[in-house]
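J.: Please read through the structure below; I'll follow up with questions.
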Amino acid sequence: MRQFFQSSLGKKYVMAVSGFLLFGFVIVHMVGNLQIFLGPKPLNRYAHFLQSTPELLWPARIGLLTLVGLHIWSAVRLSAENKAARPLAYAGNPAPVAASYASRTMLMSGVIVAAFILYHLLHFTVQTPSVNLTGHDFKTLLDSQTNHRDVFRMMVIGYSNAWVSGFYVLAMALLCLHLSHGVSAMFQSVGLRNERSEKWIDRAARAAAAIIFIGNSSIPIAVLLGYGR
């Protein structure tokens with residue numbers, strides 16, 4: 001097992017598998033959040049179900065943080081190995097031709113997305129008042145009918161700040177830039193990408209990234225345009 005993690009192939013598999021699972025979480029998380037467009041009751045009912053099942057919620061949170069840690073670790077180690085294998089820059093530093101912008105900025109976008117995840121956790125999960133920039137304590141927002149957390153109101157208030165919403169949209173753009181290459185690279189890492197399939201895999205990866213960007217960005221944009229207020 002130790003030799004597996006120390007090998008480049010092992011790290012590629014770790015990055016691919018952790019990336020695949022995180023990609024699945026992003027989709028599920030987006031679908032859950034899009035319930036905001038169904039109104040307060042469905043979203044608050046969904047949120048209460050998650051919050052009232054700690055036996056499912058906490059293992060999921062710990063698992064997700066572990067996946068993020070493994071994904072970052074494998075990406076950093078592989079990047080370091082690639083640089084060590086090619087310590088000298090190309091003469092004249094010509095612009096890469098074959099590599100896409102997304103592939104050349106994978107590490108940078110990944111670090112920024114990791115910072116966004118930390119902010120997102122502090123914003124809506126830990127609900128730290130100082131980071132929401134609205135002057136509200138989200139922990140005090142309760143549904144008057146059920147006395148449960150009013151997640152609908154929390155999201156509307158949270159995204160009513162233009163700076164916060166702008167940061168979320170920017171983070172989604174970087175996440176989807178990361179995914180547009182990462183999903184395709186994942187298939188290559190596990191040997192499922194070849195000359196015959198690469199065109200379709202690349203198109204599917206870009207389409208999935210676009211759908212995720214539109215879905216997640218639609219929420220802060222809708223709130224800024226007046227939805228829910």
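All of the numbers you see were taken from the coordinates with simple rules; none came from a lab. Quantities reported herein were computed from a predicted structural model and do not represent experimental measurements. No Cβ is skipped: glycine too gets one built from the backbone with ideal geometry, and neighbour counts run over all protein chains shown.
J.: Rounded to the nearest 0.05, what FRET efficiency do Ala84 and Ala114 have when you use their Cβ-Cβ distance and R0 = 30 Å?
T.: The formula returns an efficiency of 0.85 here.
J.: At R0 = 22 Å, how high is the FRET efficiency between Thr134 and Trp58 if r is their beta carbon distance? Nearest 0.05 is fine.
T.: It comes to 0.20.
J.: Got a sec to turn the phi values of the range 124-134 into Karplus ³J(HN,Hα) couplings, 6.51 cos²θ - 1.76 cosθ + 1.60 with θ = phi - 60°, whole Hz, x for Gly and Pro?
T.: Per residue, the Karplus-derived 3J(HN,Hα) values read 10, 9, 6, 6, 6, x, 5, 9, 8, 6, 10 Hz.
J.: Roughly how tilted is helix 54-85, in degrees to the nearest 10 and between 0 and 90, from the longest Cα axis of the chain?
T.: Rounded to the nearest ten degrees, it is 30.
J.: Ok, one more. Does anyone have the angle between helix 198-224 and the longest principal axis of the chain? Alpha-carbon axes, 0 to 90°, nearest 10?
T.: 30
J.: Could you pull out every one of the lysines with an alpha carbon less than 25 Å from that of Lys12, ignoring same-chain neighbours closer than 8 positions?
T.: Partners within reach: Lys83, Lys199.
J.: Would you mind checking which residues have amide H under 5 Å from Leu142's amide H? H placed 1.01 Å from N; only 5 or more apart, or other chain.
T.: Those lying under 5 Å, H to H, from Leu142 are Asp150.
J.: Any chance you could run the full-extension gain for Gln3 through Leu122? It's 0.36 nm times the residue separation minus the Cα-Cα distance, nm to one decimal.
T.: Computed gain between Gln3 and Leu122 is 39.2 nm.
J.: Kindly express, to the nearest 10 degrees and within the range 0 to 90, the angle between helix 162-189's C-alpha long axis and the longest C-alpha principal axis of the chain.
T.: 40
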